[in-house]
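Colleague: Sharing a structure here in structure tokens format.
The values are calculated or read from the model by the stated rules, or taken from the named source; none is laboratory data. Being a predicted model, the structure only gives us computed values, none of them experimental. Cβ coordinates were reconstructed from backbone atoms using ideal geometry, including for glycine residues, and neighbour counts include every protein chain displayed.
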Amino acid sequence: MDFLPIFMSLRERRCVVVGGGHVAERKLALLLRAGAKVDVIAPALSEELLRLAASGQVVALRRAFVDADVDGAALVIAATDAPGVNEQVAAAAQRAGVPVNVVDQPEVGNVVMPSIVDRSPVVIAIGTGGNAPVLARMLRAKLESLIPQAYGELANLLGALRERVRQTVPDGVARRRFWERTLEGPAAELMFAGRRAEALANIERGLAAVETARPPEGEVYLIGTGPGDPDLLTFRALRLMQNADVVVYDRLIGDTIVDLCRRDAERIYVGKSRDRHALPQHEINQLLVRLARAGKRAARLKGGDPFVFGRGGEEIEELAAAGVAFQVVPGITAALGCAAYAGIPLTHRDLAQSCAFVTGHHRADGGEPDWAGLVRPQQTLVFYMGASNLDTICASLQRAGMDSTMPAAVVERGTTLAQRVVSGTLTTLPALVAEAGCQSPLLIIVGAVVGLRERLQWFEQAITQKT
């Protein structure tokens with residue numbers, strides 16, 4: 001990110017606003033709401049600024065800005081309609097080590113003022129790095145309609161109880177779960193209905209129950225995260241990712257998805273690729289058992305769907321044998337997601353009445369697919385984990401009787417902005433993929449439906465139009 005979002009305390013601290021018009025008025029109003037002492041500097045001031053000065057709410061200096069005006073300030077805002085003056089203010093502030101915001105010139109200053117949803121003490125700041133203030137305001141409007149004013153009162157109530165809860169529930173994990181249960185239960189709804197006394201009584205009962213409760217039990221969430229695009233995550237997946245104390249993930253899980261997990265959750269990388277494992281599968285299984293027995297809620301993130309070549313069955317077998325509680329969250333498997341984003345329908349009334357998902361990674365004992373059984377009329381084949389065996393797959397299908405001109409495609413990093421699709425035939429595809437330098441993760445699709453891609457592709461076109 002280009003800017004680190006920080007909430008700054010300005011109460012009783014001196015701030016400087018340079019500018020005397022309506023823009024300066026808006027910025028000054030925010031500073032006053034934050035409890036700042038504000039100097040307003042400009043040769044001419046608006047009627048509203050003069051009124052605030054006359055009432056003693058601000059100090060008005062009706063003159064041109066000088067560099068010394070920034071000395072001792074906690075924050076400086078340049079809000080004039082003269083770019084040269086704004087640049088002078090920014091330069092002076094940065095020399096003095098004072099944070100400075102320059103309205104409509106974010107590249108000149110080092111602070112960007114966000115759009116704000118104020119439910120004090122709950123405050124939500126929305127920023128676009130200064131690139132699209134109107135978009136930030138639109139997002140703010142959406143949030144304003146979703147977040148009741150009572151959230152501020154709820155936060156004040158919880159703050160008043162915070163120290164008591166900390167002493168009653170010293171274990172950090174148990175304490176967080178207590179707060180989660182409180183916020184997801186009747187207490188929050190009672191506060192939203194304006195029934196503060198009843199909400200407090202409900203929390204008191206919950207706190208009393210915690211004192212006699214057993215230590216928290218662990219659980220494992222086996223979560224399918226889809227083929228790569230974070231927008232394809234399910235609501236349930238997101239909720240459990242936010243609940244997890246520990247996140248266990250591998251190389252198929254992109255940073256954009258891992259970052260959607262709770263920020264303070266422990267992260268354990270168990271990356272696996274062909275013949276290279278950060279942790280072998282049996283050790284991953286044992287790790288999940290250990291985490292749950294330690295009272296942790298562990299999110300095991302799986303690319304695609306856990307039960308489609310994801311070895312999810314092996315992991316929950318071990319959990320079940322150990323008596324560990326678990327949940328399984330299905331995800332959009334790579335075959336469905338990548339084919340859709342590549343513009344290749346896996347079934348089609350005229351071209352394909354069935355579809356088979358096949359592993360393209362042959363076992364060390366020589367076990368191979370039933371090639372002859374896969375060569376059927378009007379059937380689409382999707383091969384997972386076949387990057388290193390593409391030549392063998394195409395040759396084996398032809399030997400089993402599939403027409404050498406059968407359309408075939410490789411989808412690399414499907415559903416992501418890095419998606420590439422290489423299409424050809426069983427005969428030409430291996431050379432085309434080698435020339436393009438495609439690498440894992442990729443998916444191989446074979447069947448007449450691949451011939452529809454030229455007309456039906458949409459994702460790459462959408463990316464091109466956006467860029």
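Colleague: Of the conditions (1) assigned to a helix (DSSP H, G or I); (2) more than 17 Å from ASN86 (Cβ to Cβ), GLY35 clears all except one; give me its number.
Modeller: The number of the failed condition is (1).
Colleague: Is there a residue in the range 65-73 that is of a type in the set (D, E, K, R), without any contact (Cβ under 8 Å) to a residue 24 or more places away in the chain and assigned to a helix (DSSP H, G or I)?
Modeller: No - not one qualifying residue is present in the range 65-73.
Colleague: Here's something else I'd like to know. What's the total number of residues in the range 59-81 that are within 23 Å of PRO114 (Cα to Cα) and either of a type in the set (A, V, I, L, M, F, W, C) or surrounded by fewer than 17 Cβ atoms within 10 Å (Cβ to Cβ) (or both)?
Modeller: Of the residues in the range 59-81, 9 are within 23 Å of PRO114 (Cα to Cα) and either of a type in the set (A, V, I, L, M, F, W, C) or surrounded by fewer than 17 Cβ atoms within 10 Å (Cβ to Cβ) (or both).
Colleague: ASP245 versus (1) surrounded by fewer than 21 Cβ atoms within 10 Å (Cβ to Cβ); (2) closer than 30 Å to ARG162 by Cα; (3) out of contact with any Pro (no Cβ under 9 Å at 6 or more places or on another chain); (4) modelled with pLDDT under 95: which is the lone unmet condition?
Modeller: It fails just one condition, (1).
Colleague: To continue, here is another question. Counting only residues that are of a type in the set (S, T, N, Q) and under 18 Å from GLY337 (Cβ atoms), which one in the range 421-453 is modelled with the highest pLDDT?
Modeller: SER423
Colleague: Considering only residues of the range 1-17 that are within 14 Å of VAL111 (Cβ to Cβ) and at pLDDT 95 or above, which is surrounded by the most Cβ atoms within 10 Å (Cβ to Cβ)?
Modeller: Residue satisfying both the conditions and the ranking: VAL17.
Colleague: Sticking with this structure for a sec: Looking at ALA96 and the list (1) at pLDDT 95 or above; (2) closer than 16 Å to LEU28 by Cα, which single condition is not satisfied?
Modeller: So ALA96 meets the others, but not (2).
Colleague: Ok, one more. Among the residues of the range 34-58, what is the count of those that are under 13 Å from GLY19 (Cα atoms) and either in contact with a strand residue (DSSP E or B) (Cβ under 7 Å, 6 or more places away or on another chain) or surrounded by 14 or more Cβ atoms within 10 Å (Cβ to Cβ) (or both)?
Modeller: 10
Colleague: From (1) outside the structural domain of ALA79 (by TED's automatic domain parsing); (2) surrounded by fewer than 18 Cβ atoms within 10 Å (Cβ to Cβ), pick out the condition that doesn't hold for ASP104.
Modeller: (1)
Colleague: Confirm whether ARG267 is over 22 Å from the mean Cα position of the chain (by Cα) and either in the same structural domain as ARG177 (by TED's automatic domain parsing) or of a type in the set (D, E, K, R) (or both).
Modeller: It is false that ARG267 is over 22 Å from the mean Cα position of the chain (by Cα) and either in the same structural domain as ARG177 (by TED's automatic domain parsing) or of a type in the set (D, E, K, R) (or both).
Colleague: Out of all the residues in the range 169-180, which are over 28 Å from the mean Cα position of the chain (by Cα) and either surrounded by 15 or more Cβ atoms within 10 Å (Cβ to Cβ) or outside the structural domain of ARG195 (by TED's automatic domain parsing) (or both)?
Modeller: Scanning the range 169-180 gives a single hit, VAL169.
Colleague: Give me the pairs, please: first residue somewhere in the range 384-407 and in the same structural domain as GLY424 (by TED's automatic domain parsing) and under 11 Å from THR428 (Cα atoms), second residue anywhere and hydroxyl-bearing (Ser, Thr, Tyr) and assigned to a loop (DSSP other than H, G, I, E, B), beta-carbon distance under 6 Å, and either six or more positions apart or on two chains.
Modeller: SER404/THR427
Residue by residue, here is whether (1) outside the structural domain of GLY159 (by TED's automatic domain parsing); (2) at pLDDT 95 or above; (3) in contact with a helix residue (DSSP H, G or I) (Cβ under 8 Å, 6 or more places away or on another chain); (4) of a type in the set (Val, Ile, Thr) holds:
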{"site": "ALA60", "(1), (2), (3), (4)": "yes, yes, yes, no"}
{"site": "VAL66", "(1), (2), (3), (4)": "yes, yes, no, yes"}
{"site": "VAL76", "(1), (2), (3), (4)": "yes, yes, yes, yes"}
{"site": "ALA79", "(1), (2), (3), (4)": "yes, yes, yes, no"}
{"site": "GLU87", "(1), (2), (3), (4)": "yes, yes, no, no"}
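Colleague: Please tell me if VAL76 is in a strand (DSSP E or B), in contact with a strand residue (DSSP E or B) (Cβ under 8 Å, 6 or more places away or on another chain) and closer than 26 Å to PRO106 by Cβ.
Modeller: Yes: the conditions hold for VAL76.
Colleague: Restricting attention to the range 329-339, does a residue exist that is aliphatic (A, V, I, L, M), over 25 Å from the mean Cα position of the chain (by Cα) and more than 21 Å from THR256 (Cα to Cα)?
Modeller: The answer is no; no qualifying residue exists.
Colleague: A follow-up question, please. Do we find that ASP403 is within 26 Å of ASP350 (Cα to Cα) and among the acidic types (Asp, Glu) in this structure?
Modeller: yes
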